[in-house]
Structure formats: structure tokens, C-alpha cells
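What follows is calculated from the coordinates using simple rules that are stated; it is not laboratory data. Since this is a predicted model, take the numbers as computed values, not measurements. Every residue, glycine among them, receives a Cβ derived from its backbone with ideal geometry; neighbour counts consider all protein chains shown.
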Amino acid sequence: MENAAQVINKIRDALGSVIRGKADVIDLVLVGLLSAGHVLVEDVPGVGKTTLAKALARALAMDFARVQFTPDLLPADILGANVLDPRDGSFRFQEGPIFTQILLADEINRASPRTQSALLEAMSEAQVTLDGTTRALPKPFFVLATQNPTDYQGTYPLPEAQLDRFRARISVGYPIEDEELEVIYARRESDPIELVEPVADGEMVAHLQALVRSVRVEREVGRYLLRIVRSTRDHKDLELGVSPRGALALFRAAQAHALLQGRDYVSPEDVQSLVGPILAHRLRLSHQAKYAGRSAEHLMLEVLDRVAVPT
């Protein structure tokens with residue numbers, strides 16, 4: 001556990017040298033990665049979403065690919081396809097960019113639903129099935145997707161099935177003044193991302209992912225987590241509550257969060273700190289709640305207030 005804490009802190013420092021003043025964002029990305037999930041970063045352009053993905057790949061010395069999602073993007077452009085070899089007339093499989101360890105799906109909501117759905121199997125099972133043949137993806141496999149929530153022209157809202165595949169939905173936000181000043185001056189002569197040195201590798205990430213699964217969750221904490229989840233299923237302002245997949249996502253994320261805090265057990269505070277980024281995007285608000293200006297994050301806070309915390 002001590003060695004894991006040292007590695008995690010090195011990763012934090014490497015990412016923090018590029019993404020200034022966003023320790024909470026970095027931790028949520030690491031929660032997604034170490035819990036073997038995926039992360040959706042939803043924010044306005046220019047706050048560092050792409051930079052975060054690139055810095056993560058450099059710090060972890062993992063294979064990295066970027067796909068710019070556009071309306072004309074086809075599933076084969078991501079997954080790959082069987083192409084004809086003119087030398088012998090046979091077909092061979094040409095791997096798409098998804099055959100990597102870290103995939104940046106940039107502006108994912110600009111692709112058609114058909115193309116978005118091409119990621120479902122890959123994100124759930126780390127494999128791709130084409131023409132009846134299933135091919136495993138490299139491990140670890142991590143998708144960091146981005147979208148701009150303020151731009152609706154030429155976009156396709158992500159369906160619930162797609163959103164449910166993301167372990168967490170987060171936003172970066174604007175930096176405070178002093179941190180933004182540091183960002184400006186850090187880029188006077190070069191890009192700080194070029195100075196990021198590898199501090200871990202895919203094998204170490206896989207080891208940390210295995211370590212996450214060994215983090216202890218007492219039954220009372222697990223029951224507390226489940227009461228939060230179940231409270232969303234009969235909430236008067238929700239048409240769609242959290243699924244069992246969402247419950248498992250929160251369970252695994254809480255284990256990863258505990259590991260990031262240097263503990264080998266999950267506390268109720270781990271669960272409480274994650275309900276927004278892990279559960280809010282899995283909810284569908286009623287029409288009345290939308291018209292009243294309610295948000296999923298606000299509803300999750302209400303749910304937390306109603307559920308008794310184990311002692």
C-alpha cells in the first residue's frame with residue numbers, strides 16, 4: 001500500500017504540473033482509471049480537457065490515440081475494418097485507433113448515435129466484435145471523452161446506455177486568478193506537457209487496478225451505498241434512477257477513492273464525495289423537475305441528506 005501511495009503521488013504531481021490547481025479533477029480522473037472505468041469530461045473549450053488526456057498518457061507511458069468525433073465519422077473509422085490485400089487477394093484486419101490503452105474521444109457528442117454506439121462493447125468488455133470475430137483490446141484500456149455542454153448545433157445527445165458506460169462525468173472549470181497567471185507564464189517558452197516524464201506504466205496501472213479491488217468495504221458501508229442508489233429509483237423528480245451497473249460503478253469508484261487517500265478500507269465519506277460525478281449523469285429528470293430548474297447534482301445532494309449515515 002505504501003508503494004502504491006508513492007506511485008499515485010508521482011502521477012498526481014506529474015499531472016498537476018500541467019493542470020494547475022485542479023487536484024480534485026485529477027483525482028476523479030484517477031478514480032476512473034484505477035477503478036477500470038472511463039471518464040466523460042464535460043466543459044467549455046479551452047480549459048484543458050485535451051491537455052489532461054495527453055499529460056496522463058505521457059505520465060503513464062501508455063499507448064495513446066485521439067479521435068476527433070465529427071458527424072461524418074463512421075464506426076469503422078474507430079474500430080477498424082477488414083481490407084483487401086492486393087498481393088494475394090485475401091482480407092486482413094486493419095486495426096482502428098480504439099486499439100490503444102488511452103483513447104481520447106474528443107467532442108464525442110458530435111458523432112452520430114450509430115458511431116457512438118460503436119464504443120459500447122469496447123467500454124463495457126474491453127473488446128471489439130467485427131464480422132463475427134472478437135478481438136481483445138490492449139489492457140489497461142481507458143476512454144477519456146470530452147464534450148461541450150453549451151454547444152448544441154451539430155451535436156447528438158449521448159443516450160442513457162452510452163452515459164451509463166462512463167464511470168464518472170466531471171468538469172474542469174476555470175482556474176482561479178493566481179493559477180491562471182501561472183498557466184500563462186508556464187507557457188511563455190514551451191508547453192509544460194513536453195516536460196512530463198513517465199512515472200509509471202501500463203503494468204503498474206494494472207497492478208493498482210487489482211489493488212483497488214482488494215480495498216475493504218464493510219457491509220454497513222455497502223448497504224449505505226445501496227440505500228443511496230435505491231433512493232433514486234422512486235424519487236418523485238426522477239423518471240430514471242440509478243441502475244445496478246451504476247451501483248457497482250459507485251462501489252468500485254469508492255474503493256479507488258479510498259486507495260487514493262492511502263487507505264485500505266472505504267468510509268462513508270468516500271461514497272459521499274463521489275455521488276455527484278458517479279451517479280448524476282445516470283439520472284433522467286422528470287419534465288416538471290427540468291422546468292423547475294432542478295439539476296441531477298442537486299437531487300443527489302437531497303438524496304444524501306435523506307439517507308442515514310452508518311456510524
Taking +1 at the Cβ of each Lys and Arg and -1 at the Cβ of each Asp and Glu, which of 39, 51, 64 sits farthest along the dipole of region 23-68 towards its positive end, judged by Cα position relative to the Cα centre? 64
Vicinal HN-Hα couplings computed from phi for region 38-53 (Karplus, 6.51 cos²θ - 1.76 cosθ + 1.60; Hz; Gly/Pro x): 9, 10, 10, 9, 10, 6, 6, x, x, 9, x, 5, 5, 4, 4, 5
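Give the range of the longest stretch in the chain that excludes all GluC sites (Glu not before Pro) found in loop regions by DSSP and having at most 14 other beta-carbon atoms within 10 Å. Display every interim value, and only then the final one.
Details: sites that count: 189, 218.
Looking at the chain, 1-188 is the longest stretch - no exposed GluC sites (Glu not before Pro) with at most 14 other Cβ atoms within 10 Å.
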Quick one: of the DSSP bridges fully inside the chain, what percent are antiparallel, nearest 5? 40
May I ask for the longest run of the chain untouched by trypsin sites (Lys or Arg not before Pro) that are loop-located per DSSP and have at most 14 neighbouring C-beta atoms (other than their own) within 10 Å? 88-186
A correct fewest-to-most ranking of 69, 166 by other Cβ atoms within 10 Å would be 69, 166
Computed about the Cα centre, the charge dipole of region 215-311 from +1 Lys/Arg and -1 Asp/Glu charges at the Cβ has a magnitude in debye, to the nearest 20, of 320
Go through 113, 4, 288 and say which Cα lies farthest out towards the positive end of the charge dipole of the chain; charges sit on Cβ, +1 for Lys and Arg, -1 for Asp and Glu. 288
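For 150, 51, which order do you get if you count the other beta carbons within 10 Å of each Cβ and list the fewest first?
150, 51
Treating the beta-carbon of each Lys and Arg as +1 and of each Asp and Glu as -1, no other charges, what is the dipole magnitude of the chain about its Cα centre, to the nearest 20 debye? Can you show the working numbers first?
Working: 35 positive and 42 negative charges, 203 e Å.
Computed charge dipole of the chain: roughly 980 debye.
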Three principal axis lengths of region 154-311 [C-alpha, angstrom, descending]: 55, 42, 30
Under 25 Å between C-alpha atoms, the lysine pairs in the chain lying 8 or more places apart or on different chains count 9
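How large is the helix-only mean residue ellipticity at 222 nm for the chain, computed as the sum of -39500 (n - 2.57) over DSSP H runs with n ≥ 4, divided by its residue count, in deg cm²/dmol to the nearest 500?
Working: 14 runs with 139 residues, N = 311.
The helix contribution divided over the chain gives -13000 deg cm²/dmol.
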Towards the positive end of the charge dipole of region 215-311, with charges on Cβ (+1 Lys, Arg; -1 Asp, Glu), say which of 258, 274, 240 has the farthest Cα. 240
